[in-house]
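Beneath this line is the structure, given in C-alpha cells, with notes to follow.
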Amino acid sequence: MNTDPSKSISEKESYKRKKRFFTALDLMALPGIIYLIINNYIPMGGLFIAFKKIDFAKGIFASDWVGFQNFKFLFRSSDAAVILRNTLLYNLAFIVLNCVCGIAVGLFLNEIRNKLAKKFYQTAILLPQLISIIIVAYITYGFLASETGFVNNHILKAMGKAAVNFYSKPAYWPFFLIFIHIWKTIGYNSIIYFSSIISVDKSLYESAEIDGANRFQQITKITLPLIKPIAITLTLMACGRIFYSDFGLFYQVPMNSGPLYATTNTIDTYVYRALLQLNDIGMSSAAGFFQSIVGFCLIMIVNGIVRKISPENALY
Amino acid sequence: MKKRILSAVLAGIMTLSLAACAAPGAAAPAAAPAGSDAAEAPAASGELVHVKQLMSNFGNNTDDAAEVNAAINEIANQYGLDVEIEFVSSDAYAQQLNLMIAGGEDLDVFMVTPGASSFATLSANNSLADIAPYLDTAAPDLKALIRQEYWDACTLDGRTLLVTTWDDKVTGNWLVMDKTILDELGLEEQARAIASYDDITAIYEKVYAAHPELSMVAAGGSSNALTPSEIFFGDTFAENTLYDTLGDQAYQMGAIYEGTEEVINVFETPEWKKNCERMQAWYDAGYVYKDSVTTTDSGETLLKNGAIFSFFTNAEMNCETAKTSQCGKPVVAVKVGEVPVSGGRIRQFGYGVSSTSKHPDAAVKWLQLLYTNADVANLLAYGIEGKHYVTNEDGSLSYPEGVTMDNCGYQYHVAFVVGNYYLLKIWEGDSLTLREDAKAVNETAEVSKYANFSWDNSAVTAEVTATTNVYNKYYKNITVGACDVDAEIEKFNEELHASGLDEIMAAKQEQLNAFLGK
C-alpha cells in the first residue's frame, strides 16, 4: 500500500518514460517486423496451392483441388531414400561442425592479443562468406577439373599418380562439400560465438586466475558454460531447416554432374531439376510445404528435448 | 540474455536477407521505360486497342527497346493497335511469364520457347488461348502465310494454341571441324567425304597423332553441342535410324521409330547401345574432351579457344557460314544426319495468346502485322536504321560507323524467333540468297507423321519427374562414354523402370493409339 504522493508521481513518470522508450524500440523493430510479415507470414497463405492443379485460365483460386497428388513426386523416385539421406546427413554434419568449428575459431580469436592481427584474421575468415557460390564452384572446378584442373595436372602428375576424374567419382564429394561449406560459413558462425565470448564478464576470469585456474580450465569452466545458451539457440534454429539444403552448394559446386548424384542430390536440387521442365507451381509448393512441416516438427521435438534437459535454454 | 541473443540472430538474418533482396530490386527499374513510353501513345486517340507482348531477349542487348517500340507503334497505330513490347532476360523469362499470367497482369501475347515456357508446359496449365475463332476474321493473311501442316501441329483437340515462327523448320546434324588443322594435314577432302562412323575415326586418328594436346571432340556442354550418340548413326550415315520423341524434349519418356506405331524405350535399343559403345571407344582412345560431362562451354567456344578439333551440332542449312562466324575461325561443316520436321520442332518457338487476354482478336491482329509487315519485322530484329544498323550497297546490313556488337543499343539478331524469318533483311556475312534458299526448303519439307500428336503428361507427372532425375543422373555420362557403358546402361534402364517409365510409356501409347484412330 503506497500513500506517499511523491513516490506515486515518480513511479508514473518512470512508467511514462518506459512507455516512450518502448515506442522508440518498437519503431526501430518495425522494418524488421514488416519484413517478417510480408516475407514470411503472407506467403503462408499460398500453401493451399500445394493441393491444387493450377489452371491459369481459371485462376489460382478456382483451380481444381487434387488432394495429395502434388506430393507424390517427392517419393516416386527410386532415389527418394538416397535424397532424404543426403539432405539429413549433410545437415547433421553441418550443424555439428558449424557449432564445433565456430566455437573453436571464436575461442582462438579471443586468445589473439595483437589487435591488428585479430582484425586481419577476422576479415580473412569472413571473406569466403561474401564470395558468390558460382565463383566458389569455379574455384573448385579450377582445382578438380580433368583437362585443366590444378590437382590433376600439377599435384597428381608431379607425384606420378594417375589423374582422377573427380566429377564422376561420388565417393570424394561428401568431403569436398563439407569442407567448402565450413570454409565458406566459418567466418560468420565464429563471429556470433566470438561476440558472445567477449561479452563474458571479465571479473570471472580474474577471480579464476586468482584461484589458480589455467587458461584451458578458464575456457572449459567459464567460457563454454556461458556460451552454451547461444550454441543451443543456433542449433535449434538450424534443426528447423534440416530438410532444406544450401542449393548453391549442392547444385553449382558439383557442376550439376550426373554421376555425383549419389552423394550430392538433396531435396532442393531434386525438386529444381525435376520441375525445371515441368514448371508446375503446385508441385514445387508441395515440396516447400513438406520441408516446412518436417522442419516444424523437428524444431518442436528438439525444443521439447532441450526443455526436459535444461529448461532455461529452450526457445519457448 | 536469451532475448539478446535472439535479437542479435534476428538482426543478422535480416541483414543477410536485405542483402539478398538488393539484386532483384536494382534490376526492376530497367524494365520500366518500355512501359511508360508506350503508355503515352494511346492518350491521343481513344479507339486504339492496347496489346502487350512479352519476349525473351535471348541474351541480346535491348536497351533502346522503348525507342524501337515507339517506331513500331507508328505503324501499328494505323491498324488501330497500340503495342507494348517488354523484353525479359532469357534466364528470367519463364519465371516472369508464369508470374504475370498467374498474377492476372495485363498480358496478351508472349513468346513460347523451350524449357519452362515451352508449349507442353504452357498448354498443360492452360495458359494458351484458343485463337482458331479469330484467325479467319482478324488475321486471314497470317493464316494463309503458314503451312497448313504447321497449323495442324499447333492444334490440340480442335483448339489452335500457337502461331509457330515461320522460319526454317528443317535442320540437320553436322560435324563441325577446325579447317586450319585439316589444311595443315591436307585432310579437307577426306573430311568432306566422310560417310560413316569409321570415316570420322580415321580422321581423328590422323589429327590426334599430329596434335595429341587437342581433344578431338567435345560433347554435351551447351544445349547446342550434341553427343554423337544423339545422332543415331547406322554404320553409315545413310542408314541412320530415326526416332520421334512424340513431343518430348528428350528421349527418356519413350519414343518411336519413325514410321511405326509402337512406343519404345530408346535406351534399350541395340542402335543406341552400339553408339554409346563407340563413344566409349573414342573416350578410351583419348579423343573426347575429358570435362565434357561438366563443362558449360559450348562446342563453338571450345573450338575457338583451341581446346578441341571438332564438335557435333544441330543447325540449319547455312551451318558452315554460321559456325565460322561463331567460332571466329574457318571451319568445315559436314552433314551427318537429317532430322525430320517433328511436332516438337514445330512447337519449339512461336507466339501464344494468353488465356487471360482481354482482347485476343486484337492480339491475333497484331501477330498478323508482325508476320506480314516487313517494316515491323525488321524494326523488331534490327532496331532503327541509321542508329542501330545501316544498309550496305548490296542490300545487306551492318553496324553504323562507330557502333559495334558491344555498344549497339538495340540488336535482336535472333532471326528465327522474330516471327517471319523471310521478311528480314540479311546481316553482313550471310549469303544474300539465304532467305530464298531456306524458304524453298521449308515449304516443301516432309513433316513427321506424328507432328500433330502432342502428348499430355498430366496423369503421370510424378513419374515424369522421377524419370527425369534418373535421366539426368546417367545420360550425359553414358553418352560421353566416360564410364563402363554396358554396365551403366543396364543400371540406367533398371532405375528408369523403377521410377515409372512403364507407366509413362503406357500412357503415351494409349494417347498415340487414340491419335492414330485405333
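The values are calculated or read from the model by the stated rules, or taken from the named source; none is laboratory data. These figures come from a predicted structure and were not determined experimentally. Counting neighbours? That spans all protein chains shown, and the Cβs are built from the backbone with ideal geometry, glycine included. Accessible surface areas use protein heavy atoms only, side chains included; no ligands, DNA or RNA. Shrake-Rupley method; radii C 1.70, N 1.55, O 1.52, S 1.80 Å.
If you average the alpha carbon positions of the range A:216-273 and of the range B:172-202, how far apart do those two centres end up, in angstrom?
51
How much length is gained if the chain between B:Val339 and B:His211 is pulled fully straight, taking 0.36 nm per residue apart and subtracting their Cα-Cα distance, in nm to one decimal?
Values: separation 128, 0.36 × 128 = 46.08 nm, distance 3.25 nm.
Net length gain for the segment: 42.8 nm.
Let me know the charge dipole size of the range B:171-340 about its Cα centre in debye, to the nearest 20, where only the beta-carbon of Lys, Arg (+1) and Asp, Glu (-1) is charged. Mind showing how you got there, number by number?
Details: 11 positive and 27 negative charges, 111 e Å.
Dipole size: approximately 540 debye.
Using only the Cα atoms of the protein assembly as shown, what do you get for the radius of gyration and for Dmax, in Å?
So, for the protein assembly as shown, Rg and Dmax equal 31.2, 114 Å respectively.
Given charges of +1 on the Cβ of Lys and Arg and -1 on the Cβ of Asp and Glu, with all other atoms neutral, how large is the dipole of the range A:68-313 about its Cα centre, in debye to the nearest 20?
With only Lys, Arg, Asp and Glu charged at Cβ, the dipole is about 220 debye.
What angle do you read, to the nearest 10 degrees and between 0 and 90, between the alpha-carbon axis of helix B:461-480 and the longest principal axis of chain B?
50
When N is the residue count of the range B:237-322, what does its C-alpha Rg come to as a fraction of 2.2 N^0.38 Å?
1.33
With just the Cα atoms of chain B, tell me how far they stretch along each of the three principal axes, in Å, largest first.
Extents along the principal axes: 71, 71, 69 Å.
Using the Cβ atoms and a cut-off under 11 Å, what net charge is assigned to the surroundings of B:Ser56, where Lys and Arg are +1 and Asp and Glu are -1? All intermediate terms of the calculation are to be shown ahead of the outcome.
Values: positive: none; negative: B:Glu86, B:Asp91.
Overall, the nearby charge balance is -2.
Collect residues whose amide H, placed 1.01 Å from N in the peptide plane, falls under 5 Å from the amide H of B:Glu84; neighbours closer than 5 in sequence don't count.
Those qualifying (amide H under 5 Å, at least 5 residues apart or on another chain) are B:Val51, B:Lys52, B:Gln53.
What FRET efficiency, computed as 1/(1 + (r/R0)^6) with R0 = 35 Å and r the Cβ-Cβ distance, is obtained for A:Ala93 and B:Ala506, rounded to the nearest 0.05?
Working: r = 42 Å, r/R0 = 1.19.
Rounded to the nearest 0.05, the efficiency is 0.25.
Please work out the average accessible area per residue across chain B, using the 1.4 Å probe convention, and give it in Å².
Value returned for chain B: 40 Å² of accessible area per residue.
Return the average number of partner chain Cβ atoms within 10 angstrom of each residue Cβ along peptide B:454-467.
Mean partner shielding for this stretch: 5.
Need the full-extension length gain, B:Glu385 to B:Asp136, defined as separation in residues times 0.36 nm minus the C-alpha distance. One decimal, nm.
86.2 nm
For the range A:68-313, what's the relative contact order in percent, using C-alpha pairs closer than 8 Å and at least 6 residues apart?
It rounds to 31 percent for the range A:68-313.
Grab the beta carbon distance between A:Lys161 and B:Asn305, set R0 = 25 Å, and tell me the FRET efficiency rounded to 0.05.
With a Förster radius of 25 Å, E is 0.35.
Excluding B:Lys387 itself, calculate the net charge of residues whose Cβ lies under 10 Å from the Cβ of B:Lys387, where each Lys or Arg counts +1 and each Asp or Glu counts -1.
Here the charged neighbours net out to -3.
Using a 1.4 Å probe over the heavy atoms of the protein chains, calculate the carbon and sulfur portion of the accessible area of the range B:171-340 as a whole percent.
Carbon-and-sulfur percentage of accessible area, whole number: 49.
Can you give the log10 of the normalised intensity I(q)/I(0) at q = 0.17, 0.19 Å⁻¹, computed with Debye over equal Cα scatterers of the range B:171-340?
-1.05, -1.30
Need the full-extension length gain, A:Ala213 to A:Phe247, defined as separation in residues times 0.36 nm minus the C-alpha distance. One decimal, nm.
Once the chain is fully extended between A:Ala213 and A:Phe247, it gains 7.6 nm.
Placing +1 on the Cβ of each Lys and Arg and -1 on the Cβ of each Asp and Glu in chain A, which of A:Leu275, A:Ser195, A:Ile54 has its Cα farthest towards the positive end of the resulting dipole?
Positive-end residue among those listed: A:Ser195.
Taking 56 Å as R0, compute the FRET efficiency from the Cβ-Cβ separation of A:Lys58 and A:Glu206 and round it to 0.05.
Efficiency, rounded to the nearest 0.05: 0.20.
Where does the range A:68-313 land on Rg/Rh, using Cα atoms and the Kirkwood Rh?
On the Cα set of the range A:68-313, Rg over Rh gives 1.05.
Rank A:Ile112, B:Thr165, B:Thr241 by how far each Cα sits towards the positive end of the charge dipole of the protein assembly as shown (+1 on Lys, Arg Cβ; -1 on Asp, Glu Cβ) and give me just the farthest.
A:Ile112
Please identify, among A:Ser63, A:Ser168, A:Ser207, the residue showing maximal mean-square fluctuation in a Gaussian network model of chain A using a 10 angstrom Cα cutoff.
Between A:Ser63, A:Ser168, A:Ser207, it is A:Ser207 that shows the largest mean-square fluctuation.
What residue among A:Gln129, A:Gln217, A:Gln69 has the largest mean-square fluctuation in a Gaussian network model of chain A, using Cα springs under 10 Å?
Maximum among the listed residues: A:Gln217.
Ignoring any ligand, DNA or RNA, what whole percent of the accessible area of the range A:68-313 comes from carbon and sulfur when the probe is 1.4 angstrom?
71
Once the dipole of the range B:365-418 is set up with Lys and Arg at +1 and Asp and Glu at -1 on Cβ about the Cα centre, which of B:Ser396, B:Tyr410, B:Val376 lies farthest towards its positive end?
Comparing the listed Cα positions along the dipole, B:Val376 ranks first.
With a cut-off of at most 16 other beta carbons within 10 Å, and DSSP calling the residue loop, which GluC sites (Glu not before Pro) in the range B:359-428 qualify? Please list them.
B:Glu393, B:Glu401, B:Glu428
Add +1 for every Lys or Arg and -1 for every Asp or Glu among the other residues with Cβ under 14 Å from the Cβ of B:Val339, and state the total.
-4
Counting only heavy atoms of protein chains, what accessible area per residue, in Å², does the range A:68-313 have with a probe of 1.4 Å?
It amounts to 50 Å² per residue over the range A:68-313.
For the interface of B with A, what's the total buried accessible surface in square angstrom, probe 1.4 angstrom, rounded to the nearest hundred?
Numbers: alone 22710 and 19950 Å², together 38480 Å².
That pair of chains buries around 4200 Å² in total.
Within the range A:112-215, which trypsin sites (Lys or Arg not before Pro) sit in a loop by DSSP and count at most 14 neighbouring Cβ atoms inside 10 Å?
Sites meeting the loop and neighbour criteria: A:Arg113, A:Lys157, A:Lys161.
Using a loss threshold of 30 Å², tell me which positions in the range B:73-102 are less accessible in the complex than in their chain alone. Probe radius 1.4 Å, ligands and nucleic acids ignored.
B:Asn98, B:Ala102
Please quote Rg/Rh for the range A:109-230 to two decimal places, taking the Kirkwood radius as Rh and restricting both calculations to Cα atoms. Mind showing how you got there, number by number?
Details: Rg = 20.8 Å, Rh = 17.9 Å.
Ratio of gyration radius to Kirkwood radius: 1.16.
What is the dipole size for the protein assembly as shown, taken about its Cα centre, with +1 at each Lys and Arg Cβ and -1 at each Asp and Glu Cβ, in debye to the nearest 20?
Once rounded to the nearest 20, the dipole reads 5520 debye.
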